[in-house]
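Engineer: Structure incoming, see below.
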Amino acid sequence: MHQPYYKDDCTNTTLMPWVFLHAIKDYYDIPWYLEKFPNIKATFNLVPSLLVQLQDYIEDNANDKFMKILKKDVYSLTNKEELFLSEYLFLANEQHMVKPLERYHELLLKYKSQNQSFEIFSKEELIELEVLFLLSWCGNYLRQNNELVILLLNQGRTFSQEQKNELIEELFLFLNELIPYYKKLQDSQQIDISTTPFYHPILPLLIDRQSAKDAKNDVVLPKSSAQYKDFAALQVKTAVDFFEKTFEKKPKGFWPSEGSVSPKTISLLASNNVKWACSDEEILFKTLKNSNKELLYKPYTLKTENGNVNLFFRDKYLSDLIGFAYSKKSAKEAASDFVSHLKNIYLNAPTSPVVPVILDGENAWEFYPDNAQPFFEELYKLLDKQDWCETVLFDDVPNIEDLEFTELNTLASGSWINGNFDIWIGCDEKNRAWELLDLTKNRFDKVQNSLSEETLEKVKKEFMIALGSDWFWWYGDDHYTELNHQFDEQFRAHLKNVFELMNEEVPTEIFVPIVKKEKINQINILQKDFISPVVDGNMSNFFEWLNCGRMDIKKEFSTMDSSASIVEYLYYGVDKQNNLYLYLKGNKVPNKEILELRITLNDKIFIFDIKKGIGTVEQNGTYFDLAFGNGIEIKIYDFKLKKVNFSFELYEDKKKIQRYPLYDETVLDFENLFLKSWYI
């Protein structure tokens, strides 16, 4: 369970509301599902940067910008405030959070049909939208147990300002129940609680940036450098101290942020008396130089100069089934599939296997029906019936007699994503963020001895926050959010705060956005969710292509003459049945009568004679639906690749009239589809 630190302490303002929203939807629901099955155990990792913000909300110190504006009477909102609200009030999963609320869906369709403008809403509709947004984020515990939430859900529409404020007050009161609930389940020994370095930094990069090279030799490091080793130690120590203060015991286990490890990282954890830590199977396979899956299902220990730490490496396939795949299956089918995979591991293992399943605790569930309650109840019920396996806490593994720990002599550096640190360092935007950090840190090193103790503590906190992983997550093209400009602003605000606290002039570089808000119009926008368009050669229904990926082909010609371009946009996406859809659009396309289209998918080339109308063809065992109208629309059946190199060529009268991309191939990427679309 993790959120970055959204608060700017220097202005005493929480700039984004995700802690609050996930608190009313996920942080209570997920352990609540578990509690109904006393024999099922699980470990919950609670990140300090999340918990300390929860406490701010509880103590009325959050000063959340979004919630403050939401509380205001809609008739008193300024244009700027309405614009701010407009960025959030439809940030809910359409299928599972919006559509079940009939009036919310009506308002969304109205919004889409009117060029996504909030000016079309009356003040009464705006109040409805505010209340429905909050209700869409209410989890099942609230929907089934809170009288006011039940009343408003049943009412459905035409809410009043008074009802909105009453709901907000009720939800704030609910936050008081969260941390005591985890304590209760921990005391009953049904769950264990682990933690993470305080502000969720990528520890190996703080300890030694060279670890990025260790993980991937050809990574391009920032041009500048600075030392953050002391901040790495501070992130761990403050996390341990905060955990002990909150839960009245020291943490035994750590999930290093994003499963990011290195030998020095584990040694640092050992120096803080941490007994176990987890990472990903790719790290184990890199460490052993052997990717035999059987090696995964045993506990390991790493000897460091500060003591031994037990290590567990997650089964990526099983973890990602829950995180990304099972939302597309029925609850019973998903639970049965998961247990069958476990049974196969059990039957094929020479000794008693331990299977670590580790995944994000909050972001996947909005892609499931009913916030994943049916899935978890089916899964826990089925697991409870098996006499050949049991769920155990990481703390308990050393006490299981038939499990032997294997000692590792070394450990590969890397994270749970591709076994390297590319998500946080290496591309232009990410490296620019590090360079601004280095600029700030090097100045701090020169003046820190002249700072008062009080100022020094404030500056260190700003650095620790700025070193959090999430700012770097949203830089570059790896992930996309409509709010990436806000993350950029917050990151640079923390650096600005450091200079101002030191009474130094803020360098102009700090004010220059690393990523601009216009990034929403980037050349390649990744697919956000499944699509299922009708192949008729026309984008007749905007909504059928709503969540597709999009390539703006015109922008490839930004320094050239694009007037000859026929296809200006490529839309693409996959559906739940593993079919790939392509739509080639351009102002000149409808004027053509007969074209030859050549598509390259990896090393396979498919050639089509495109004529007006709709048809089906087969080539080398692959089936296609083709349609030519206002655009060229194609359905490719049984497309199971998660990433494919793609290009196309258009011919007219045997003459090539267009190729995209001009000099290479582009990549259609469907790996971790939902991960790319998670808000936070």
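Engineer: When you go through Gln227, Gln163 one by one, which is the residue that is out of contact with any helix residue (DSSP H, G or I) (no Cβ under 7 Å at 6 or more places or on another chain), more than 17 Å from Ser415 (Cβ to Cβ), in contact (Cβ under 8 Å) with a residue 24 or more places away in the chain and not β-branched (Val, Ile, Thr)?
Structural biologist: Details: Gln163 fails: out of contact with any helix residue (DSSP H, G or I) (no Cβ under 7 Å at 6 or more places or on another chain).
Among Gln227, Gln163, only Gln227 is out of contact with any helix residue (DSSP H, G or I) (no Cβ under 7 Å at 6 or more places or on another chain), more than 17 Å from Ser415 (Cβ to Cβ), in contact (Cβ under 8 Å) with a residue 24 or more places away in the chain and not β-branched (Val, Ile, Thr).
Engineer: Restricted to the stretch 143-190, and to residues that are among the charged types (D, E, K, R) and more than 23 Å from Pro31 (Cα to Cα), which residue is surrounded by the most Cβ atoms within 10 Å (Cβ to Cβ)? Before the answer, list the steps.
Structural biologist: First pass over the stretch 143-190, keeping only residues among the charged types (D, E, K, R): 143, 147, 157, 162, 164, 166, 169-170, 177, 183-184, 187.
Subset that is more than 23 Å from Pro31 (Cα to Cα): 157, 162, 164, 166, 169.
Values: Arg157: 16, Glu162: 8, Lys164: 21, Glu166: 16, Glu169: 12.
Looking at the filtered set, the residue picked out is Lys164.
Engineer: Quick one: how many residues across the stretch 504-527 are surrounded by 12 or more Cβ atoms within 10 Å (Cβ to Cβ) and either modelled with pLDDT of 60 or more or farther than 13 Å from Asp477 by Cα (or both)? Lay out the reasoning, then the answer.
Structural biologist: Just the residues of the stretch 504-527 that are surrounded by 12 or more Cβ atoms within 10 Å (Cβ to Cβ), to begin with: 504, 506-507, 509-510, 513-517, 519-520, 522-527.
In the following step, the residues that additionally are either modelled with pLDDT of 60 or more or farther than 13 Å from Asp477 by Cα (or both) were identified as 504, 506-507, 509-510, 513-517, 524-527.
Qualifying residue count for the region: 14.
Engineer: When you go through (1) farther than 26 Å from Leu173 by Cα; (2) surrounded by fewer than 17 Cβ atoms within 10 Å (Cβ to Cβ); (3) modelled with pLDDT of 95 or more one by one for Asn79, which number turns out not to apply?
Structural biologist: Looking at each condition in turn, Asn79 falls short on (3).
Engineer: Now for a separate question. Does the stretch 276-285 include one or more residues that are modelled with pLDDT of 95 or more, aromatic (Phe, Trp, Tyr), over 27 Å from the mean Cα position of the chain (by Cα) and over 30 Å from Lys249 (Cα atoms)?
Structural biologist: Taking every residue of the stretch 276-285 in turn, none turns out to be modelled with pLDDT of 95 or more, aromatic (Phe, Trp, Tyr), over 27 Å from the mean Cα position of the chain (by Cα) and over 30 Å from Lys249 (Cα atoms).
Engineer: Filtering the stretch 262-306 down to residues that are basic (Lys, Arg) and touching a strand residue (DSSP E or B) at 6+ places or on another chain (Cβ under 9 Å), which residue is farthest from Val240 (Cα to Cα)?
Structural biologist: Here the residue is Lys286.
Engineer: Here is a follow-up. I'm checking my understanding of the structure. Among residues of the stretch 227-247 that are under 18 Å from Ala277 (Cβ atoms) and of a type in the set (S, T, N, Q), which one is surrounded by the fewest Cβ atoms within 10 Å (Cβ to Cβ)?
Structural biologist: Looking at residues that are under 18 Å from Ala277 (Cβ atoms) and of a type in the set (S, T, N, Q), I get Thr238.
Engineer: Whether any residue in the stretch 578-585 is closer than 23 Å to Lys328 by Cβ, of a type outside the set (D, E, K, R) and exposed (fewer than 13 other Cβ atoms within 10 Å of the Cβ) is what I want to check.
Structural biologist: Initially, the stretch 578-585 is screened for residues closer than 23 Å to Lys328 by Cβ, giving 578-583.
Next, only the ones that are of a type outside the set (D, E, K, R) stay: 578-583.
If we keep only those that are exposed (fewer than 13 other Cβ atoms within 10 Å of the Cβ) as well, we get none.
For the stretch 578-585, residues closer than 23 Å to Lys328 by Cβ, of a type outside the set (D, E, K, R) and exposed (fewer than 13 other Cβ atoms within 10 Å of the Cβ): absent.
Engineer: Looking only at the stretch 159-193, which residues are small (Gly, Ala, Ser) and outside the structural domain of Arg143 (by TED's automatic domain parsing)?
Structural biologist: If the condition is that a residue be small (Gly, Ala, Ser) and outside the structural domain of Arg143 (by TED's automatic domain parsing), then Ser188 is the only one that fits.
Engineer: Please go through the stretch 269-316 and pick out each residue that is among the β-branched types (Val, Ile, Thr) and surrounded by 19 or more Cβ atoms within 10 Å (Cβ to Cβ).
Structural biologist: Filtering the stretch 269-316 for residues among the β-branched types (Val, Ile, Thr) gives 274, 283, 287, 301, 304, 309.
Within the stretch 269-316, Val274, Ile283, Thr287, Val309 meet the criteria.
Engineer: State whether the residues of the stretch 392-399 include one that is closer than 26 Å to Ser262 by Cβ, buried (at least 17 other Cβ atoms within 10 Å of the Cβ) and touching a helix residue (DSSP H, G or I) at 6+ places or on another chain (Cβ under 8 Å).
Structural biologist: No, the conditions are met nowhere in the stretch 392-399.
Engineer: Just checking, which of Tyr5, Tyr27, Tyr33 is more than 19 Å from the chain's Cα centre (by Cα), surrounded by 20 or more Cβ atoms within 10 Å (Cβ to Cβ) and modelled with pLDDT of 95 or more?
Structural biologist: Working: Tyr5 fails: more than 19 Å from the chain's Cα centre (by Cα); Tyr27 fails: more than 19 Å from the chain's Cα centre (by Cα).
Criteria check complete, one pass: Tyr33.
The values are calculated or read from the model by the stated rules, or taken from the named source; none is laboratory data. Just so we're clear, the structure is a prediction, and the values are computed from it rather than from any experiment. Cβ coordinates were reconstructed from backbone atoms using ideal geometry, including for glycine residues, and neighbour counts include every protein chain displayed.
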